[in-house]
Amino acid sequence: MTLIRRNAFTLVELLVVIAIIGVLIALLLPAVQQAREAARRMQCTNNLKQLGLAIQLYHDAYNAFPALRAGNPKGAASYAGNNRLNARFAVLPFMEQNALYDQGMASAVGSYDSSDPIWKSTVDSFLCPSNAGPTESPEAPTQTAGIADYYFFAGDRPYRSYPGGTYTSGTQNSGVFLNDAWSRMSSIIDGTSNTMGTSEGVRPASNRSFGAIVTKPSATSWLPVSLTPLYDRTTKQYISTVGVFSSQPLRGFRAWDGAILFTAVTAATPPNSVLISDGTSHGGSQYLLSPTSYHPGGVNAGFMDGSVRFISDTVDTGNQGANYRDYADTSSPSPYGVWGAMSTKAGGEAISYSN
């Protein structure tokens, strides 16, 4: 009888093949994930470039940059439209969102109104694709009013929420974007390529997690060196002594609201660090608001010349124990290194930064 020999893999050969496939997957998976994040970061960069272009077009139309909170400039000390709406809303016509803008201007409500469609709207161009945060505020989810991930630079000091100011005399903080006041291109003495205008912020998963704004303990000073330890980068949680926002919409969950915590970033503390208030609601009087992102190692920032750069978490932040300059001083160098200098418009610093 003739035996027919069948060609097949032995058990050992199958195990070797499976092991090789497993090794290849282990090697390729991180590369695939890195490629996906690179694509998301590129899309985020493009979003910030689009926002930067809209800001320039706004300036062409009004001879001023949009205010953090207010309508469009109208005369010396007044504004047109809803003073509760913010700079994101102001640039909507220059991002092909005229219908949403017209709807908001027509309603002109002075505070949050759950029945007003403008408060519920989300524009995809204001969303970073790497932001894995929730789409409803973990605190007060019914008060979520559109989501947004991009913010406007207010400078390198604790930002005063309601400092006042007018179109002609409003010099409040060291950054380009002001509260109820409009700066002009001519005010950017440091040069548009050296001055940051926009950056990003994550939507927090809880009122104590990464990206959340917390209340400074009363015994802690406002100096960056005292504030940074309040956040644990390992656990991505704030320490237990900070106060938290309860039953309040968190940062990122009111896209069009002109309250400072929903609109601004500052550059005293490093990127991806603390966001601090002196209150437990969006009515706090002072804020330090570090840009945050899920991009590994840093954040994207839009400059006033329309360019976008990736700013490392290890960017030079100068003397973190230095006192803030007086609010009346808008032209002295920032004490917070390259990071602080890039957030001011008239500090006169010689800046050299490459990522």
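The values are calculated or read from the model by the stated rules, or taken from the named source; none is laboratory data. Computed from a prediction, not measured in an experiment: that's the story for all the values here. In this analysis, Cβ positions are derived from the backbone assuming ideal geometry, glycine residues included, and neighbour counts consider all displayed protein chains.
Which condition number in (1) at pLDDT below 90; (2) among the aliphatic types (A, V, I, L, M); (3) buried (at least 24 other Cβ atoms within 10 Å of the Cβ) is the one that Ala212 fails?
Evaluating Ala212 over (1) at pLDDT below 90; (2) among the aliphatic types (A, V, I, L, M); (3) buried (at least 24 other Cβ atoms within 10 Å of the Cβ) leaves (1) as the failure.
Yes or no: Asp124 modelled with pLDDT under 90 and not β-branched (Val, Ile, Thr)?
For Asp124, the condition - modelled with pLDDT under 90 and not β-branched (Val, Ile, Thr) - is not met.
Give me the strands (runs of 3 or more DSSP E) completely within the range 241-355, filtered to those with at least 2 residues that are closer than 24 Å to Ser125 by Cα, ordered by residue number.
Hits in the range 241-355: 298-303, 308-312.
Which one is nearest to Ser193 (Cα to Cα), of the residues in the range 299-328 that are in contact (Cβ under 8 Å) with a residue 12 or more places away in the chain and charged (D, E, K, R)?
Across the range 299-328, the extreme among qualifying residues is Asp305.
Is it the case, given these coordinates, that Ser290 is out of contact with any helix residue (DSSP H, G or I) (no Cβ under 8 Å at 6 or more places or on another chain), of a type in the set (Ser, Thr, Tyr) and surrounded by 24 or more Cβ atoms within 10 Å (Cβ to Cβ)? Before the answer, list the steps.
Values: out of contact with any helix residue (DSSP H, G or I) (no Cβ under 8 Å at 6 or more places or on another chain): yes; of a type in the set (Ser, Thr, Tyr): yes; surrounded by 24 or more Cβ atoms within 10 Å (Cβ to Cβ): yes.
So Ser290 passes the test.
Looking at Thr195 and the list (1) modelled with pLDDT of 90 or more; (2) closer than 17 Å to Asn272 by Cα, which single condition is not satisfied?
With respect to (1) modelled with pLDDT of 90 or more; (2) closer than 17 Å to Asn272 by Cα, Thr195 is out only on (2).
Looking only at residues that are in a strand (DSSP E or B) and surrounded by fewer than 18 Cβ atoms within 10 Å (Cβ to Cβ) in the range 75-121, which one is modelled with the highest pLDDT?
Here is the first cut: in the range 75-121, the ones in a strand (DSSP E or B) are 78-80, 85-86.
Checking the rest, the ones that are also surrounded by fewer than 18 Cβ atoms within 10 Å (Cβ to Cβ) come to 78, 80.
Working: Ser78: 40, Ala80: 44.
Ranking the candidates gives Ala80 first.
Suppose we filter the range 209-240 for residues that are outside any loop (DSSP other than H, G, I, E, B), of a type in the set (Gly, Ala, Ser) and farther than 15 Å from Gln286 by Cβ; how many remain? Full working, then the answer.
Here is the first cut: in the range 209-240, the residues outside any loop (DSSP other than H, G, I, E, B) are 209, 214-215, 224-232, 237-238.
If we keep only those that are of a type in the set (Gly, Ala, Ser) as well, we get 209, 226.
Remaining after also requiring farther than 15 Å from Gln286 by Cβ: 209.
Total meeting the criteria: 1.
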